[in-house]
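Chemist: Before I ask anything, let me first share the structure, which is written out below as structure tokens.
The values are calculated or read from the model by the stated rules, or taken from the named source; none is laboratory data. The model shown is predicted, which means the values in this text are computed figures rather than measured ones. In this analysis, Cβ positions are derived from the backbone assuming ideal geometry, glycine residues included, and neighbour counts consider all displayed protein chains. Please note that ligands, DNA and RNA were not included when accessible areas were found on the heavy atoms of the full protein model with its side chains. Shrake-Rupley method; radii C 1.70, N 1.55, O 1.52, S 1.80 Å.
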Amino acid sequence: MMKVLESWGVKHVYGYPGGSISSTMHALEVEQERIKYVQVRHEQVGALAAAGHAKATGEIGVTFGSAGPGAVNLLNGLYDAKEDNVPVLAIVGQVPSTNMNYDYFQEFPEIPMFSDVADYNRIVMTAESLPYVIDKAIREAYKNQGVSVVVIPNNLGFVEIEDIPFSSAQNTDRKPAPEPEATDEEVAHLLAMIKEAKRPVFHVGSGIKGNQDKLQKLAEKLQIPVVITGLAKGKVDDNFAGNMGTSNRAASKAADEIFGVADLVIALGANFPFANLVYRTHEFKFVQIDNDKAKFGRHHYLDYSIWSDSGKFLDKALEMSEQQPASPFYQAAVEDMQNWKEYLNKLMNKTDGALEYEQVYREINRIAEPDALFSVDVGDNIINSFRFLDMKREQKMTISALFATMGYGLPGAIAGQFAYPERQVFNIAGDGAFSMVMQDLLTLNKYNLPVINVITSNQFLSFIKSEQDDLTMNNFGVDLKDANFKQIAEAMGVHGIEVNEAKDLAAAFDEALATSKAGKPVLIDANITSKRGLPVEELQLEIEGDHFVEYVSAGYQETHGKRTLEEFFAEYDAQELKSLPYYFEKYGVTL
């Protein structure tokens, strides 16, 4: 089995020992010069690390857990891999086959439990079949871009079998699969739709892959602003003027506004789980371009679809389209986004007073190397990372996107540092998410992983608190007992730094950078205020007569009190923000 893993290029296996997986542990010991066993302190962390490895590298991540409780603990990370479509193999222990069906200690019917999360889900029946089943599982995980589970009765792994090769891993099949290509007729039809539209918008997801230059050229050529999904953060240049950023709640103001007035939405390689919120605000024509036909119509009824690889579509669209004159709509969108960025920069550049989250991101951007990897946990840090992280082309961000499981940040950083030992790796997490997995600071310590952990602590589950604030209910269950994460880190052998005031932040990050460059893990315990970021999702636009008007949602006003748009902006120290209709009037955008 280990030789099969090696043939597929597996270098790391994440897991936690148990009696029912001893034969696998023995094999890992025998092969330890070729495959590194990484001992995590919770099976959930191992599964999330395997998913994080797959997200960061595109290669299969491997994790294991023992029978019963170990197997159950894997589920969170495996569902994360399933939802974000990355290949992961889970090796699951089982009691010896001679004790199965006898209600043996920790015996558990594991196959039914994994039936939903795994595309390939098998229990090994003979020792001779074990290498074959593992090989098939890996091939299926790559084919399905999902989870494979192999359950191994413990005694079978100790059986000696004939020493013959079982792997199907071949360099000849490690090449890009043929991709569908848009036809001339399809692109011509879409270009005609764009010509008829007054306010077209690209909605771009991770399917853009490495084609951001082509996208930017086409967006500028056709004068179409670009809104991105969270998984496209870093795949479309943050400094591209036509990039409006992400939409919905973890969003920029400009993205929500521009999407809110679009009359044609062109989804390009985008799987948007919030479509039932954002896509239902108003009527528009919807075009979907994707290389997976199963995704057509998933989030909105189709006016037109093009089955195509994003790069091939963009090539043909660039070839067949003509340069359009300056568009008032595009110009208004660009300046709206510039206005938003100026506001964000103002918040980041405060240097005194109580510590706030925006200043933390200023320092992350300052010390981040051009190829840094960011593992971002679930919660307010998702919103803040989408807004404030200044992503460079060679940098990578991994998150738990669709499953959105708290506790992803540290496992993702562990996997990222093992996968890229020469690169700088950040774990960015809030106190709520980090406390779910903080025991694995011990893993950073054990393997001398120089991860920079940035923990923003405000004693609240802020993301959920904000949701409760917008409902007719009191805050309940969202306050957290404070913890000194600096001391916790130091007790686990990780260098800890505590910051309470903005003036001390730069020195703290300088110290963290020096510690990491010395090859040691470090944790910054940033005690921030509990202030809320501007909830751009509460902005709404409607047509009145011959123009758009913008206002604060009725729901927000019901729970927070009546306020004008200007009062709403002032509430979040955003007096300089202009409404989108302001820019429409400035540039003469007509309906």
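Chemist: In segment 106-178, which trypsin sites (Lys or Arg not before Pro) fall in coil by DSSP and have 15 or fewer other Cβ atoms within 10 Å?
Modeler: Listed in order of number, the matching sites are 174.
Chemist: Now for a separate question. Rounded to whole Hz and in sequence order, give me ³J(HN,Hα) for segment 261-267 from the Karplus expression 6.51 cos²θ - 1.76 cosθ + 1.60, θ = phi - 60°, writing x for Gly and Pro.
Modeler: 10, 5, 10, 9, 10, 10, 7
Chemist: How much space per residue, in cubic angstrom, does the convex hull of the C-alpha atoms of segment 436-545 take up?
Modeler: Taking the convex hull of the Cα positions in segment 436-545, it is 155 Å³ per residue.
Chemist: Starting from the coordinates of the alpha-carbon atoms of segment 55-126, obtain the Kirkwood hydrodynamic radius over all distinct pairs and give the value in Å to one decimal.
Modeler: 13.1
Chemist: Then there's this: Please compute the alpha carbon radius of gyration of segment 262-312, then divide it by the globular-protein estimate 2.2 N^0.38 Å. Two decimals is fine.
Modeler: 1.07
Chemist: Let me ask something else about it. For segment 88-157, give the percent of accessible area contributed by carbon and sulfur heavy atoms, probe 1.4 Å, rounded to a whole number.
Modeler: 54
Chemist: With a 1.4 Å probe and all protein chains left in place, how much accessible area per residue does segment 81-233 have, in Å²?
Modeler: So segment 81-233 comes to 49 Å² accessible per residue, rounded to a whole number.
Chemist: Taking the convex hull of the Cα atoms, report for segment 531-591 its projected area averaged over all directions, in nm².
Modeler: 4.6
Chemist: Next question. Let me check the size of segment 324-459 from its C-alpha atoms; what are the radius of gyration and Dmax in Å?
Modeler: In Å, with Rg to one decimal and Dmax whole: 16.8, 60.
Chemist: Mind checking the dipole of segment 195-235: about its Cα centre, +1 per Lys or Arg Cβ, -1 per Asp or Glu Cβ, Debye to the nearest 20?
Modeler: My answer is approximately 20 debye.
Chemist: Taking square-rooted eigenvalues a ≥ b ≥ c of the alpha carbon gyration tensor, is segment 349-414 rounded, prolate or oblate, where a/c under 1.5 means rounded and, failing that, a/b exceeding b/c means prolate?
Modeler: Oblate is the answer for segment 349-414, as a/c is 1.5 or above yet b/c matches or exceeds a/b.
Chemist: Here's something else I'd like to know. Can you tell me which of 555-564, 371-380, 194-203 comes out highest on packing, and rank the rest after it, using the mean Cβ neighbours within 10 Å?
Modeler: 371-380, 194-203, 555-564
Chemist: Can you tell me the relative contact order of the chain? Whole percent, Cα pairs under 8 Å, sequence separation 6 or more.
Modeler: Dividing the mean separation by the residue count of the chain yields 12 percent.
Chemist: Further question: Please list 61-67, 511-517, 151-157 highest first by mean number of surrounding beta-carbon atoms within 10 Å per residue.
Modeler: 61-67, 151-157, 511-517
Chemist: OK, next. Show the residues, 5+ positions off or on another chain, whose built amide H is closer than 5 Å to the amide H of residue 246.
Modeler: Residues meeting the amide H criterion: 228, 252.
Chemist: If you don't mind, another one. Let me spell out the model: positive unit charges on the Cβ of Lys and Arg, negative unit charges on the Cβ of Asp and Glu, origin at the Cα centre of the chain. What dipole size does that give, in debye rounded to 20?
Modeler: 760
Chemist: I've got another one for you. Students often check this: by mean Cβ neighbours within 10 Å, which of 272-279, 397-404, 334-341 ranks highest, and how do the rest follow?
Modeler: 397-404, 334-341, 272-279
Chemist: Could I ask something else about it? Could you give me D for segment 478-591, from Stokes-Einstein at 10 °C and 1.306 mPa s, where the hydrodynamic radius is the Kirkwood radius over C-alpha pairs? Units µm² s⁻¹, please.
Modeler: Here the translational diffusion coefficient equals 87 µm²/s.
Chemist: Could you state the number of Å between the C-alpha centres of segment 464-513 and segment 4-53?
Modeler: 32
Chemist: Moving on to the next point. Based on the Kirkwood radius over alpha-carbon pairs, what value in µm²/s does the Stokes-Einstein equation return for the translational diffusion coefficient of the chain at 37 °C and 0.692 mPa s?
Modeler: This corresponds to a translational diffusion coefficient of 129 µm²/s.
Chemist: Give, to the nearest whole percent, the P(r) tail of segment 230-324 beyond 14 angstrom, counting all Cα pairs.
Modeler: 71
Chemist: Let me ask you something else. Show me the chymotrypsin sites (Phe, Trp or Tyr not before Pro) within segment 459-533 that DSSP assigns to loop and that have at most 13 other Cβ atoms within 10 Å of their Cβ.
Modeler: Within segment 459-533, the qualifying chymotrypsin sites (Phe, Trp or Tyr not before Pro) (loop, at most 13 other Cβ atoms within 10 Å) are 476.
Chemist: Pick out, from 428, 30, 189, the residue whose Cα sits farthest towards the positive end of the charge dipole of the chain, with +1 on the Cβ of Lys and Arg and -1 on the Cβ of Asp and Glu.
Modeler: 30
Chemist: Also, quick follow-up: Suppose all protein chains stay in the model; what accessible area per residue would a 1.4 Å probe give for segment 430-543, in Å²?
Modeler: Per residue, segment 430-543 has 43 Å² of solvent-accessible surface.
Chemist: Continuing with the same structure: If you place +1 on the Cβ of every Lys and Arg, -1 on the Cβ of every Asp and Glu, and leave all else neutral, what size is the dipole of segment 345-440 about its Cα centre, to the nearest 20 Debye?
Modeler: 280
Chemist: Could you give log10 I(q)/I(0) at q = 0.09, 0.18, 0.21 Å⁻¹ for segment 157-262, computed by the Debye formula over C-alpha point scatterers of equal weight, without solvent?
Modeler: -0.39, -0.96, -1.18
Chemist: Also, I was wondering about something else. Return the FRET efficiency for the residue pair residue 447, residue 483: r is the Cβ-Cβ distance, R0 is 30 Å, and the value is rounded to the nearest 0.05.
Modeler: 0.80
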